[in-house]
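Inspection log for the structure reproduced underneath, given as structure tokens.
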Amino acid sequence: MAAATASAAALPASPAGDADNVRRSRILSSKLCFDVPLSKVPLVYSSSYNITFLGIEKLHPFDSSKWGRVCDFLIKAGVLDKMRIVEPLEASKDDLLVVHSESYLKELKSSLKVSIIVEVPPVALFPNWLVQQKVLYPFRKQVGGTILSSKLAMERGWAINVGGGFHHCSANEGGGFCVYADITLCIQFAFVRFNISRAMIIDLDAHQGNGHEKDFANDGRVYILDMYNAGIYPLDYEARRYIDQKVELVTGTKTEDYLAQLDKALEVAKTNFDPELIVYNAGTDILEGDPLGRLKISPEGVAMRDEKVFRFAKEINTPLLMLTSGGYMKSSARVISDSIINLAQKNLIDLSRCPSTS
């Protein structure tokens, strides 16, 4: 037996083993998970998140300045001090290579390719250096925010990245205004940085999260609860096979029915899986009137939804990271900020003081 073991040890490492070692090295050498002083609250945002590109960003229904307006509302409401917001770093190429392939990142050097992913055709007409600066840089900052938020959640119990949630992007393919797979990236970082082995994704955006579903296909370490309108984009039937718990809604689903189905789904998730980190994709495209989500959830329903998920995490004593994801109406920013205020009022988060160090 000893001889067999020695012989096996002498064999060259497998390509899969080499890839894992490279990934681990990239994660451990990353600068994204820096230490944040306790004087800051675990709410992550940068003015660089907002996309302004000669006005052509208005050709997509997504409100590409909503992230800044969320923070403005919170500051004006007196619940958030601007000086206590955490600003992330931009994800570097090495950070992105933890999940993305070299070939995919090379494709992003084509303005045409980027225009297809972000669904704004005129982007194809601009030189790529400008597209990198005006479109891709804001996305890379948000990726950095998602990864840093995972660290803050593990340390403080919760964190909110006022951005991120690019759940249509997988390791090798972007789409649906999602260029980088921040959800997959933050979970891979958590596996290595925080030595966890079980993560749960609760995806309550109106659209199916086909990107992370493909990335974690048949990966028992990740449990995916996805509640979405089954009759709209992306209609990715292959990815649906990888959802551990799917709740398929119909166009026009109203608040009461929505919340009842969510309660049942969370109860099932509680009995089926014991996560060490929850990534909550909290899209507001479920709102009534959203042109792409096509559901009929009230603003109060969104606040109740978020409260239910935060209470779920608290009940099972699991750190939670919230991402704001999709939302295609100007009212989304106000709804998000009102929901965050509600979470603070219910003592599910604390934006007013430093956490106790005792």
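Can you show me the helix-derived [θ] at 222 nm for the chain, built from DSSP H runs with n ≥ 4 at -39,500 (n - 2.57) apiece and divided by the number of residues, rounded to the nearest 500.
-12500 deg cm²/dmol
Taking 0.36 nm per residue of separation and subtracting the Cα-Cα distance, what length does fully extending E102 through V22 add?
Gain in length upon complete extension: 27.5 nm.
Which FRET efficiency value, to the nearest 0.05, do you get for Y237 and D72 by plugging their Cβ-Cβ distance into 1/(1 + (r/R0)^6) with R0 = 41 Å?
Working from the Cβ atoms, E equals 0.55.
Could you rank the peptides 299-305, 164-170, 42-48, 92-98 by their average count of other C-beta atoms within 10 Å per residue, with the highest value first?
164-170, 42-48, 299-305, 92-98
Sorted by packing (mean other beta-carbon atoms within 10 Å per residue), highest first, where do 173-183, 244-254, 140-150, 309-319 land?
140-150, 173-183, 309-319, 244-254
Taking the Cα centre of the chain as origin, sum charge times position over the Cβ atoms of Lys and Arg (+1) and Asp and Glu (-1), and report the length of that vector in debye to the nearest 20.
780 debye
Please find the FRET efficiency linking E300 to S197, where r is the Cβ-Cβ separation and R0 is fixed at 41 Å, and quote it to the nearest 0.05.
About 0.65, to the nearest 0.05.
Taking the Cβ-Cβ separation of M83 and E267 as r and a Förster radius of 41 Å, what is the calculated FRET efficiency to the nearest 0.05?
E(calc), rounded to 0.05, equals 0.50.
Which of L262, I286, Q188 sits farthest toward the positive end of the charge dipole of the chain, with +1 on the Cβ of Lys and Arg and -1 on the Cβ of Asp and Glu?
Of the candidates, Q188 comes out farthest on the positive side.
Which log10 I(q)/I(0) values does the chain give at q = 0.12 Å⁻¹ under the Debye formula, counting every alpha carbon as one identical point scatterer?
Taking Cα atoms of the chain as identical point scatterers yields -0.83.
How many nm separate the modelled label positions at K93 and K346, each set 7 Å beyond the Cα in the direction of the Cβ?
4.5 nm
Just subtract the alpha-carbon distance of N172 and D274 from 0.36 nm times their residue separation and send over the number in nm, one decimal.
Fully extending the segment from N172 to D274 adds 33.8 nm.
Given just the C-alpha atoms of region 58-204, how large is their convex hull per residue in cubic angstrom?
Roughly 127 Å³ of hull volume per residue.
Give me the extension gain from D257 to F34: residue separation times 0.36 nm, minus the current Cα-Cα distance, reported in nm with one decimal.
76.1 nm
Values in this text are rule-based calculations from the coordinates and carry no lab data. Just so we're clear, the structure is a prediction, and the values are computed from it rather than from any experiment. Here Cβ is always computed from backbone atoms with ideal geometry, including for glycine, and neighbour counts include all displayed protein chains.
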